[in-house]
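Peer 1: One structure follows; several queries about it will come next.
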Amino acid sequence: MTIKNKSLLTFIIVMVMMVGLFLINTLKIEATVNYGLEQSQVLDDPNVVIRGTDTGGNNDTANAEALLEAATTSSSASWKNATNYYIVYPDAASAGSLQDGDTTSVTYEGVTVDAIVIIGNDFKAGSLVSAAKADTTIFLKSGNYVNLSKNAKGAFQLNFSNLSVIGVDGPGTVTIHSEKSGTLNWSIGIGGTNVLLQNLIFDGDNAGMANQSNSSGYYFLKILQNATNITFDNVTVQNIPSSGSGFYNVAINVIYAKNVLFNNVSLINLASKTGYSVIQVNNSSRAVYFNNLSLDNVKSGNSASGGSNYPFIKIEDGSTVTSELNQVSVYFTGDLTFANMDDQYKKIWIQNYKYDTVAFPSDVYRYAQLRNQNGSW
């Protein structure tokens with residue numbers, strides 16, 4: 001076919017070039033999404049990386065999965081290298097013929113160790129008070145355990161290096177209740193280095209959080225400043241509603257922490273107060289991983305009078321200094337599942353475009369709204 005009209009030929013060539021440029025730009029956007037984009041985009045690449053302007057260039061979802069695997073392997077190995085082992089029965093009936101202070105064999109993940117027996121379910125009473133210390137693995141038998149908090153001085157704390165607390169009978173068998181201030185919950189603080197929490201349910205008993213400053217209230221599970229290599233594996237956080245009394249009612253708060261892994265974590269029946277999300281990652285936290293996250297009846301930013309609607313996760317600055325913004329990194333891998341939730345809560349808020357990396361698989365987190373300004377919800 002011969003095109004005699006030169007104007008028409010020129011028009012066709014220009015249109016082909018424009019379509020080609022559009023496709024090239026689209027492919028670039030799908031491969032790596034930068035904060036500099038000026039409009040919303042639908043992300044269809046299998047691996048999507050949202051990067052700040054000062055990235056070192058090696059933070060992507062492939063790297064995230066490799067780091068996740070390393071973190072999981074390390075946490076599994078940590079409990080096996082302890083100096084001290086304890087097996088805790090919630091009451092005498094469940095202990096059978098064993099007595100407090102006896103030594104018995106415990107087999108877990110194919111490894112058998114000798115463990116000292118503790119009988120009791122109160123983290124502020126008996127032998128359980130002094131069980132938590134460095135280089136220790138504590139196996140909890142099925143049942144309910146009470147009065148765990150950061151507030152109780154001299155009581156059981158989750159703030160030691162090389163500490164593992166494991167529901168030895170598997171996921172869903174151990175339920176932990178925090179210490180109460182009246183009817184409200186104290187914070188449960190998790191700190192130190194190399195801490196593993198596995199096969200545990202943390203239950204807020206349908207009560208809100210106590211108003212006792214950031215150190216003792218506000219946040220149900222608080223990953224403490226400078227905590228490093230903290231792993232939550234097969235953990236459920238549940239029953240912290242926003243109605244009635246309570247302050248902030250944030251279920252999980254990560255602050256100035258590094259290498260924090262949430263693996264197979266379920267959030268059930270949670271509702272934070274106005275201005276807050278149920279999960280918050282802030283203040284220069286880096287290498288925070290969420291792998292296989294499940295949410296059921298979760299609301300963020302609600303109050304008894306209705307309040308405003310917030311995303312279920314906020315990645316924010318807090319008091320982070322500008323020079324540390326490009327060190328913030330959060331990775332999402334695996335599955336994200338919702339049940340009994342309105343679409344208005346199915347959101348992740350990223351406050352600042354200068355963070356190093358926020359990476360996630362787009363087949364799960366498919367839509368991202370991006371702009372070249374810092375966020376304000």
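Peer 1: Restricting to the stretch 263-287, name every residue that is at pLDDT below 90, in a strand (DSSP E or B) and under 15 Å from residue 349 (Cβ atoms).
Peer 2: 282
Peer 1: Would you mind finding the one in 161, 187 that is touching a Ser or Thr at 6+ places or on another chain (Cβ under 6 Å), open to solvent by 40 Å² or more (accessible area, probe 1.4 Å) and of a type in the set (Ser, Thr, Tyr)? Walk me through how you get there before you give the answer.
Peer 2: Working: 187 fails: open to solvent by 40 Å² or more (accessible area, probe 1.4 Å).
Exactly one of 161, 187 is touching a Ser or Thr at 6+ places or on another chain (Cβ under 6 Å), open to solvent by 40 Å² or more (accessible area, probe 1.4 Å) and of a type in the set (Ser, Thr, Tyr), namely 161.
Peer 1: Right, next: Condition test on residue 297, is it over 24 Å from residue 208 (Cα atoms), open to solvent by 20 Å² or more (accessible area, probe 1.4 Å), at pLDDT 80 or above and not charged (D, E, K, R)?
Peer 2: Numbers: over 24 Å from residue 208 (Cα atoms): no; open to solvent by 20 Å² or more (accessible area, probe 1.4 Å): yes; at pLDDT 80 or above: yes; not charged (D, E, K, R): yes.
Criteria not met by residue 297.
Peer 1: Answer yes or no as to whether residue 129 is within 21 Å of residue 176 (Cα to Cα) and outside any strand (DSSP E or B). Steps first, please.
Peer 2: Values: within 21 Å of residue 176 (Cα to Cα): yes; outside any strand (DSSP E or B): yes.
Yes: the conditions hold for residue 129.
Peer 1: All but one of (1) part of a strand (DSSP E or B); (2) open to solvent by 30 Å² or more (accessible area, probe 1.4 Å); (3) at pLDDT 90 or above hold for residue 169; which doesn't?
Peer 2: (1)
Peer 1: With respect to residue 137, determine if the residue is within 23 Å of the chain's Cα centre (by Cα) and over 18 Å from residue 251 (Cα atoms). Before you say what the answer is, go through the steps one by one.
Peer 2: Working: within 23 Å of the chain's Cα centre (by Cα): yes; over 18 Å from residue 251 (Cα atoms): yes.
Judged against the criteria, residue 137 is a match.
Peer 1: Kindly indicate which of 257, 251, 271, 287 is under 24 Å from residue 332 (Cβ atoms), touching a residue at least 60 places away in the same chain (Cβ under 8 Å), of a type in the set (A, V, I, L, M, F, W, C) and out of contact with any His (no Cβ under 8 Å at 6 or more places or on another chain).
Peer 2: On the way: 257 fails: touching a residue at least 60 places away in the same chain (Cβ under 8 Å); 251 fails: touching a residue at least 60 places away in the same chain (Cβ under 8 Å); 271 fails: touching a residue at least 60 places away in the same chain (Cβ under 8 Å).
Being under 24 Å from residue 332 (Cβ atoms), touching a residue at least 60 places away in the same chain (Cβ under 8 Å), of a type in the set (A, V, I, L, M, F, W, C) and out of contact with any His (no Cβ under 8 Å at 6 or more places or on another chain) holds for just one of 257, 251, 271, 287, which is 287.
Peer 1: Then there is this: Give the residues of the stretch 81-116 that are open to solvent by less than 40 Å² (accessible area, probe 1.4 Å) and under 32 Å from the mean Cα position of the chain (by Cα), sorted by residue number.
Peer 2: Those that are open to solvent by less than 40 Å² (accessible area, probe 1.4 Å) and under 32 Å from the mean Cα position of the chain (by Cα): 82, 85, 86, 87, 88, 89, 90, 106, 108, 113, 115.
Peer 1: Quick one: in the stretch 329-353, which of the residues that are under 19 Å from residue 260 (Cβ atoms) and among the small types (Gly, Ala, Ser) is most open to solvent (accessible area, probe 1.4 Å)?
Peer 2: Among those residues, the one meeting the criterion is 334.
Peer 1: Being among the aliphatic types (A, V, I, L, M) and more than 26 Å from residue 317 (Cβ to Cβ) is the filter here, so list the residues in the stretch 332-363 that pass it. Give the steps one after another, and end with the answer.
Peer 2: Our first condition is that a residue be among the aliphatic types (A, V, I, L, M); within the stretch 332-363, this holds for 336, 339, 341, 348, 350, 358-359.
Answer for the stretch 332-363, where residues must be among the aliphatic types (A, V, I, L, M) and more than 26 Å from residue 317 (Cβ to Cβ): 339, 341.
The values are calculated or read from the model by the stated rules, or taken from the named source; none is laboratory data. Note that the structure is a prediction, hence the values are computed from the model and not measured. FYI the Cβ positions are ideal-geometry reconstructions off the backbone, even for glycines, and counts take in every protein chain you see. Calculation scope for accessible area: heavy atoms of the full protein, side chains included, ligands and nucleic acids excluded. Shrake-Rupley method; radii C 1.70, N 1.55, O 1.52, S 1.80 Å.
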